[in-house]
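Before any comments, here is the structure.
The values are calculated or read from the model by the stated rules, or taken from the named source; none is laboratory data. Because the structure is predicted, anything quoted here is derived from the model rather than measured. FYI the Cβ positions are ideal-geometry reconstructions off the backbone, even for glycines, and counts take in every protein chain you see.
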Amino acid sequence: MSTPMTEPDPTPGDADATAQAAVVLVAAGRGLRAGGGLPKQYRTLRGKPVLAHTVAAFDRHPGVGEIVIVRGAEDGDLYSACGIVARCPLRDVTGGAERHASVRAGLAAVSDDFPYVLIHDAARPLVSAEVIDGVLDALRTHPGAAPALAVTDALWRGEGTVTGTENREGLWRAQTPQGFHLDAIRAAHAAHEGPAADDVEVARKAGLSVAITPGDDANIKITTGSDFARAERLMETGMDIRTGNGYDVHRFGPGDHVMLCGVALPHERGLQGHSDADVGLHTVTDAIYGALAEGDIGTHFPPSDPQWKGAESHIFLTHAVDLAAQKGFRITHADLTLVCERPKIGPHAAAMRESLAGLLRIGMDRVSVKATTSERLGFTGREEGIAALATVTLVRP
Ligand code: MG
């Protein structure tokens, strides 16, 4: 083994600002074990080909300046159908029958613009920025670096029954990207004969020192059908949490009750509006549309449309709740504040919470209805109308 090499250009400390590495994505394998009748790198994961996810993972890393995809000679149409676009210069070349031949084709195709090259399995779409950082950092002081995880399970030898236990100490599970100084790995591949498990083996046979950098349990190589399900679960950990707010006002007019959150409160006046003027339900409805970035009540139920004249406002809220569900969101919380001097809200707040919770299809412990006066100031203080504000929280797991 050689001693670690000193760092080539670019200058130290500039790592985050400057692209330092080209990437070779090895995507020429047939990979039919995963099922689906297609090589696994072209199968879809959450609506996008595996290969497109992998390209995106590198393309968004600031240390990456170029991506070369080594594809199967017969996969031209499959590759084109992926419609991959990238920020980096992106090229595809055809690979060979064996992995090392494909890597050689990739190494020949990368430009000489960057000192490092990262060689990565196209079927590892969940590679993180941290894993890439670890490899790039180690390349400052080593000619090679690759991520791995220490073996923590006991290791057995056996066939049907256990015949022995292996010492796991010092054993690692290798991952990619495997990174190298470009000139060094080109030379190592040119000199290499016969098969190799991976590029680290090729590098080591050429006398290059390869640093072990932190791997990641999520950086799985998709091999079997069940790996797709696992990859999808791992991608879902990016929970989408949204907050929406709503505000509405209705003026008083003739009447003998006001509708608030679907509850009729006796009062010497009513609220005016195109529908039943339930300012509470309108506000919560708008908050949900807001969280979904889907406009407001007027977008979905135009006041110009006579069919909504006198409509009961639970229709609007139910529409918003259904729309949230269609988009995969769960409403986890709603908080409504009513601003008025009268009628007194307190005695009816529990009934309103219950009504709202029913319409939102969540527990009452997730629904708040509170009220405040405006100290007799402004239009609410003069009892010209009721204002309402709401905040809702939506979660898509
Ligand atoms: Mg309204």
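A few points about this structure:
- Residues located in the range 316-345, provided they are in contact with a Lys or Arg (Cβ under 8 Å, 6 or more places away or on another chain), at pLDDT below 95 and at negative phi: Ala324, Lys327, Phe329, Arg330
- Any hit, the range 177-190, residues being farther than 17 Å from Val24 by Cα and modelled with pLDDT of 95 or more: no
- Complete set of residues in the range 344-372 that are surrounded by fewer than 16 Cβ atoms within 10 Å (Cβ to Cβ) and either assigned to a strand (DSSP E or B) or over 38 Å from the mean Cα position of the chain (by Cα) (or both): Lys344, Gly346, Pro347, Ala350, Lys370, Thr372
- Taken across the range 172-187, residues that are small (Gly, Ala, Ser) and either within 30 Å of Leu281 (Cβ to Cβ) or assigned to a loop (DSSP other than H, G, I, E, B) (or both) do not occur at all.
- Among the numbered conditions (1) modelled with pLDDT under 95; (2) farther than 28 Å from Ala97 by Cβ, the only one that Ala138 does not meet is (1).
- Number of residues in the range 317-355 that are over 26 Å from Gly381 (Cα atoms) and not acidic (Asp, Glu) equals 17.
- Residue pairs whose Cβ atoms lie under 8 Å apart, separated by 6 or more positions or on different chains, with the first residue in the range 266-282 and farther than 19 Å from Gly246 by Cα and free of Cβ contacts under 8 Å to residues at least 12 places away in the same chain and the second among the hydrophobic types (A, V, I, L, M, F, W, C) and near the ligand (Cβ under 9 Å from one of its atoms), do not occur.
- Checking Ala148, Ala218 one by one, the residue that is more than 15 Å from Ile119 (Cα to Cα) and surrounded by 14 or more Cβ atoms within 10 Å (Cβ to Cβ) is Ala218 and no other.
- Subset of the range 227-251 [more than 14 Å from the ligand (Cβ to nearest atom), surrounded by 15 or more Cβ atoms within 10 Å (Cβ to Cβ) and over 30 Å from Thr44 (Cα atoms)]: Gly244
- Apart from one condition, Ala188 fits all of (1) aliphatic (A, V, I, L, M); (2) in the same structural domain as Glu130 (by TED's automatic domain parsing); (3) in contact (Cβ under 8 Å) with a residue 40 or more places away in the chain; the exception is (3).
Yes or no, residue by residue, for (1) under 24 Å from Thr223 (Cα atoms); (2) in contact with a Leu (Cβ under 7 Å, 6 or more places away or on another chain):
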site	(1), (2)
Asp121	yes, no
His142	no, no
Gly164	no, no
Arg173	yes, yes
Ala188	no, yes
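- Positions within the range 272-296 being under 18 Å from Met352 (Cα atoms) and within 9 Å of the ligand (Cβ to nearest atom), in sequence order: Ala277, Asp278, Val279, Leu281, His282, Thr283, Thr285, Asp286
- Only listed residue being part of a strand (DSSP E or B) and out of contact with any Gly (no Cβ under 8 Å at 6 or more places or on another chain), chosen from Val162, Val127: Val162
- Conditions (1) crowded, with 17+ Cβ neighbours inside 10 Å; (2) closer than 14 Å to Pro125 by Cβ; (3) among the β-branched types (Val, Ile, Thr): number failed by Thr44: (1)
- Annotation note: Cβ proximity below 6 Å between a residue of the range 126-146 that is among the charged types (D, E, K, R) and a residue that is surrounded by fewer than 19 Cβ atoms within 10 Å (Cβ to Cβ) (sequence gap 6+ or interchain) occurs for Arg140/Glu7.
- For Asp113, the conditions (1) in contact with a Pro (Cβ under 8 Å, 6 or more places away or on another chain); (2) charged (D, E, K, R); (3) closer than 17 Å to Glu66 by Cα are fulfilled apart from (1).
- Just one of the listed residues (Ala97, Ala105, Ala101) is over 18 Å from Pro49 (Cα atoms) and part of a loop (DSSP other than H, G, I, E, B), and it is Ala97.
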